[in-house]
1. Report whether or not E58 is farther than 19 Å from T269 by Cβ, of a type in the set (D, E) and crowded, with 18+ Cβ neighbours inside 10 Å.
2. Looking only at residues in region 158-174 that are touching a residue at least 12 places away in the same chain (Cβ under 8 Å) and either within 12 Å of the ligand (Cβ to nearest atom) or part of a helix (DSSP H, G or I) (or both), which one is nearest to A49 (Cα to Cα)?
3. Just give me the residues in region 132-152 being surrounded by 18 or more Cβ atoms within 10 Å (Cβ to Cβ) and either within 12 Å of the ligand (Cβ to nearest atom) or among the hydroxyl-bearing types (S, T, Y) (or both), in sequence order.
4. Are any of the residues in region 1-9 in a helix (DSSP H, G or I), open to solvent by less than 60 Å² (accessible area, probe 1.4 Å), in contact with a Ser or Thr (Cβ under 7 Å, 6 or more places away or on another chain) and of a type in the set (S, T, N, Q)?
5. Exactly one condition in (1) closer than 25 Å to G257 by Cα; (2) out of contact with any Ser or Thr (no Cβ under 9 Å at 6 or more places or on another chain); (3) at pLDDT 95 or above is not met by G191; state its number.
6. Residues that are in contact with an Asp or Glu (Cβ under 7 Å, 6 or more places away or on another chain) and within 16 Å of the ligand (Cβ to nearest atom): list the helices (runs of 4 or more DSSP H) wholly contained in region 15-131 that include at least 2 such residues.
7. Given the criterion free of Cβ contacts under 8 Å to residues at least 40 places away in the same chain and closer than 26 Å to A161 by Cα, identify the matching residue among R54, R94, R48, R60.
8. Has region 224-231 got at least one residue that is open to solvent by 10 Å² or more (accessible area, probe 1.4 Å), within 15 Å of the ligand (Cβ to nearest atom) and modelled with pLDDT of 95 or more?
Amino acid sequence: MTSQRAGGDVLDRPIGLFDSGFGGLTVMRALVDQLPHEDFIYLGDTARAPYGPRPIAEVRQFALQGLDYLAGLEVKALVIACNSASGAVLHDARERYSIPIFEVILPAAKRAVAATRNGRVGVVCTQATATSRSYDDAVAVAADLSLTTKACPRFVEFVEAGITGGPELLGVAQQYLAPLSQADVDTLILGCTHYPLLAGVINYVMGNEVTLVSSADTCAQAVYSGMTRRGLLHEQPRDAVRTFLTTGDADDFHGIGRRLLGGFVTGATTVALD
Ligand code: DGL
């Protein structure tokens, strides 16, 4: 596939990622694996997380504030690294910014449609994503496919507390995932960017026959493809800069980020959005 190269001034701009809190770090980690020579600015709206229980209009308002902030830092692309925000804001964002916009829902839905063998797909997500029915829309083109959606609000609480195992989480996971097993899904979308951190327990409960689709990995692949097509990626190795911004306490962000993702999160700065 050919692409026209962007000029150095655009090429050297960072890629901006936005999430309600820490979940988008799973997208950023996947992106850093695939695009190690790119600069990234991550913004987590931790002061107002979780977004999942909020009405969609409020999620849209908060997400646009975050995306506006990143766009003001002259990023060369925006990644909405949050399913709840992607469902609420994607179309507004495409109208509002002239740079490429990536999101997490469509890439995961496409992968699940390609992966399923029995046509029964599940999605676990926040209440906001379930209410928006964004995954129903995204898989609608695949005739004969049934989608079972289960909101799992407590999963985000566990992740943000740094808990990815243990009997309490296992019990909650068994309860949340039972309807998906009963629906005989063979493919399960982790439709919240926090959930890749719970892939172990979800796989343990669902079993190896069920393919897990991470919206973090599939989003990172979509960013790679979209940016390559536009000639917006560095081709040569270079020292990349990764910046972490939070609307909450910077030390808390650093501490929780390190606990969840190890040395990947190197420090954070607090910013105000409203
Ligand atoms: N990480 C967000 C998502 O992908 C959800 C977390 C929240 O509820 O704020 O939907």
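The values are calculated or read from the model by the stated rules, or taken from the named source; none is laboratory data. Quick caveat, the model's predicted, so the values are computed rather than measured. With ideal geometry, Cβ positions are generated from the backbone for all residues, glycine too; neighbour counts draw on all protein chains shown. Remember, those area values only see protein heavy atoms, side chains included, never the ligands or the DNA or RNA. Shrake-Rupley method; radii C 1.70, N 1.55, O 1.52, S 1.80 Å.
1. For E58, the condition - farther than 19 Å from T269 by Cβ, of a type in the set (D, E) and crowded, with 18+ Cβ neighbours inside 10 Å - is not met.
2. E160
3. Result: S132, S134, Y135, T149, A151, C152.
4. No: region 1-9 contains no residue that is in a helix (DSSP H, G or I), open to solvent by less than 60 Å² (accessible area, probe 1.4 Å), in contact with a Ser or Thr (Cβ under 7 Å, 6 or more places away or on another chain) and of a type in the set (S, T, N, Q).
5. With respect to (1) closer than 25 Å to G257 by Cα; (2) out of contact with any Ser or Thr (no Cβ under 9 Å at 6 or more places or on another chain); (3) at pLDDT 95 or above, G191 is out only on (2).
6. By residue number, 56-72, 83-96.
7. Exactly one of R54, R94, R48, R60 is free of Cβ contacts under 8 Å to residues at least 40 places away in the same chain and closer than 26 Å to A161 by Cα, namely R60.
8. The answer is no, given that none of the residues of region 224-231 is open to solvent by 10 Å² or more (accessible area, probe 1.4 Å), within 15 Å of the ligand (Cβ to nearest atom) and modelled with pLDDT of 95 or more.
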